[in-house]
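*Asks:* Would you mind keeping the following structure in view while I ask a few things?
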């Protein structure tokens, strides 16, 4: 890992623990083990570090969505005609683990959770990424599932809310318990199974 990457990693860790506004360039330099003037050789200021954090998070988010072949990605080829409960559970668990345990995504989310109460712009970013934006993406999935007649025809926005809400709830429940992976996955699976039963999504 080069110095520029280390600066970004240490900055994101500090941001996630203290919030963006409470961290200074000197704090980041100390965490990296360099002097502040050396840090400025890589980033001109704290804002540029933050902008780089957004870029890295966005790339990680695109990677997980592409891996799951979700809508609006380069590999968006979920076969909605054969989608079943296992498909939905896989999507839910993958998204949950990404938001909860991914080294970049989890820290970025925690930083925004701290800052949303102090900074309207960061609150808007938090809502766009982890609330409204997440619902929009899920809504697209369920719209396609409705068109494929995999689930009964209801409001896809409401369906998306009912799908995503348990994920958001479990993030809050297990955020301070990163070692409880088995328990979290089991609870999420049960919730998604109940969701699938409600909307007539078959097991096989």
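The values are calculated or read from the model by the stated rules, or taken from the named source; none is laboratory data. Quick caveat, the model's predicted, so the values are computed rather than measured. Note that each Cβ is placed from the backbone with ideal geometry, even for glycine, and that neighbours are counted across all protein chains shown.
*Asks:* Considering only residues of the stretch 39-50 that are free of Cβ contacts under 8 Å to residues at least 12 places away in the same chain and part of a helix (DSSP H, G or I), which is surrounded by the most Cβ atoms within 10 Å (Cβ to Cβ)?
*Replies:* The residue in question is 48.
*Asks:* Of the numbered conditions (1) surrounded by 13 or more Cβ atoms within 10 Å (Cβ to Cβ); (2) without any contact (Cβ under 8 Å) to a residue 12 or more places away in the chain; (3) within 19 Å of residue 128 (Cβ to Cβ), residue 36 satisfies every one except a single condition; which is it?
*Replies:* Condition not satisfied by residue 36: (3).
*Asks:* On to the next question. Restricting to the stretch 166-204, name every residue that is over 17 Å from residue 97 (Cβ atoms) and either in a helix (DSSP H, G or I) or within 18 Å of the chain's Cα centre (by Cα) (or both).
*Replies:* 193, 194, 195, 196, 197, 198
*Asks:* Show the residue pairs meeting these rules: Cβ distance below 8 Å; 6+ apart or different chains; first residue within the stretch 100-117 and touching a residue at least 24 places away in the same chain (Cβ under 8 Å); second residue surrounded by fewer than 18 Cβ atoms within 10 Å (Cβ to Cβ) and not in a helix (DSSP H, G or I).
*Replies:* 100/175; 100/178; 101/178; 110/175
*Asks:* Out of all the residues in the stretch 143-165, which are closer than 16 Å to residue 194 by Cα and either over 14 Å from the mean Cα position of the chain (by Cα) or loosely packed, with under 15 Cβ neighbours inside 10 Å (or both)?
*Replies:* Once the filter is applied, which keeps residues that are closer than 16 Å to residue 194 by Cα and either over 14 Å from the mean Cα position of the chain (by Cα) or loosely packed, with under 15 Cβ neighbours inside 10 Å (or both), the stretch 143-165 yields 150, 151, 152, 158, 159, 160, 161, 162, 163, 165.
Residues are listed down the side, and each one gets a yes or a no for (1) closer than 25 Å to residue 181 by Cβ; (2) part of a helix (DSSP H, G or I); (3) modelled with pLDDT under 90; (4) touching a helix residue (DSSP H, G or I) at 6+ places or on another chain (Cβ under 9 Å):
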position: 72; (1), (2), (3), (4): no, no, yes, yes
position: 88; (1), (2), (3), (4): yes, yes, yes, yes
position: 105; (1), (2), (3), (4): yes, yes, no, yes
position: 108; (1), (2), (3), (4): yes, yes, no, yes
position: 114; (1), (2), (3), (4): yes, yes, no, yes
position: 117; (1), (2), (3), (4): no, no, no, yes
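*Asks:* I've got another one for you. Considering only residues that are closer than 16 Å to residue 109 by Cα, in contact (Cβ under 8 Å) with a residue 40 or more places away in the chain and exposed (fewer than 14 other Cβ atoms within 10 Å of the Cβ), which ones fall in the stretch 166-192?
*Replies:* 178
*Asks:* For the stretch 141-165, name all the residues that are outside any helix (DSSP H, G or I) and over 25 Å from residue 66 (Cβ atoms).
*Replies:* Hits for the stretch 141-165 are 149, 152, 153, 154, 155.
*Asks:* Same structure, new question: One residue is enough: does the stretch 92-103 have a residue meeting the conditions touching a helix residue (DSSP H, G or I) at 6+ places or on another chain (Cβ under 6 Å), assigned to a helix (DSSP H, G or I), surrounded by 14 or more Cβ atoms within 10 Å (Cβ to Cβ) and at pLDDT below 90?
*Replies:* yes
*Asks:* Taking the stretch 124-136, which residues are surrounded by fewer than 16 Cβ atoms within 10 Å (Cβ to Cβ) and not in a loop (DSSP other than H, G, I, E, B)?
*Replies:* If the condition is that a residue be surrounded by fewer than 16 Cβ atoms within 10 Å (Cβ to Cβ) and not in a loop (DSSP other than H, G, I, E, B), then 124, 127, 128, 132, 133, 136 are the ones that fit.
*Asks:* How many residues, within the stretch 113-123, are buried (at least 19 other Cβ atoms within 10 Å of the Cβ) and under 28 Å from residue 88 (Cβ atoms)?
*Replies:* Final tally of qualifying residues: 0.
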